[in-house]
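The values are calculated or read from the model by the stated rules, or taken from the named source; none is laboratory data. Keep in mind it's a predicted model, so treat the numbers as computed, not measured. Because the Cβ atoms are built from the backbone with ideal geometry, glycine has one as well, and the counts that use them run over all protein chains shown. Ligands, DNA and RNA are stripped out before the accessible areas are found, and what is left, the full protein with its side chains, is counted by its heavy atoms. Shrake-Rupley method; radii C 1.70, N 1.55, O 1.52, S 1.80 Å.
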Amino acid sequence: SSAGTRPAPSPAGDDLRVALQLQDAFAGVAEQAAASVVTVTGFIRQAEGQPPAPRSDGSWREGSPEEQPYPGFRRARTGSGFLVSDEGTILTAHHLLVDASGKLVDVVDVELQEGPRRIARIVGTEPTIDLGILQLEELHQPYLPALHPARIGDSDAGRVGHWAIALG
C-alpha cells in the first residue's frame, strides 16, 4: 500500500466477532478475579439509648437480624476489598474503616464470596492514599472455604491506553 492510505475497513461481521471475543475475554478475567473480592463492613458501637440509624429516605426502622449481626453496634460503612494472601490478608479502602468523625471502626466484618462472614482486625491504614490492610481472624475453622487471593500485576508494566478491569 502507498504511504498515507488507510487499509480498507473490515466487514461488520468481523468487527462483531472481534468485539464478542474481547467481551468473552473480559468476562473470563472478571470471573477468575471475582473469587478474591470480599465485602467489607465497618461497625461502630452504638451509644446506650441511641435510636436506630435512619434509612436513606430519612425514615426510621428497626433492622432485621441480617442487618444487625452485631447487637450494640451499628453499620458505619460498607464497600469491597480483595484477598491478597492465603493467610487472609485483605486490601481495602481506608474510608471503609473509619466513622464519620475519622475514628477507626470498632468491628470489621468481612463477607467472602462463598458466603461465610469473618471478623477481621485492622493491620494498618494510610488515609492519604485511601488504603486499609485487614487480617481475617479465625482462619482455622473447619467450615471456612478455601481462600482465593488475587494475583497482583506489575503496575510498572502498564501503559497509558492499556485496558483495566475494576471489580468490587
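When the stretch 125-147 is limited to residues that are modelled with pLDDT of 95 or more and among the aliphatic types (A, V, I, L, M), the one that is nearest to Gly42 (Cα to Cα) turns out to be Leu134.
Evaluated against (1) closer than 30 Å to Asp24 by Cβ; (2) at pLDDT 85 or above; (3) open to solvent by 60 Å² or more (accessible area, probe 1.4 Å), Ala150 falls short on exactly one condition, (3).
Scanning the stretch 10-40 for residues that are polar (S, T, N, Q) and under 30 Å from Asp106 (Cβ atoms) turns up Ser36, Thr39. Can you say whether Asp57 is open to solvent by less than 30 Å² (accessible area, probe 1.4 Å), at pLDDT below 95 and not small (Gly, Ala, Ser), as far as the supplied structure shows? So Asp57 does not fit the description; no.
Please indicate, with yes or no, whether at least one residue in the stretch 100-115 is in a loop (DSSP other than H, G, I, E, B), open to solvent by 80 Å² or more (accessible area, probe 1.4 Å), among the small types (Gly, Ala, Ser) and more than 18 Å from Phe82 (Cβ to Cβ). Yes. What do you reckon, is Ile90 open to solvent by 30 Å² or more (accessible area, probe 1.4 Å) and not small (Gly, Ala, Ser)? Considered against the rule, which asks whether it is open to solvent by 30 Å² or more (accessible area, probe 1.4 Å) and not small (Gly, Ala, Ser), Ile90 comes out as no.
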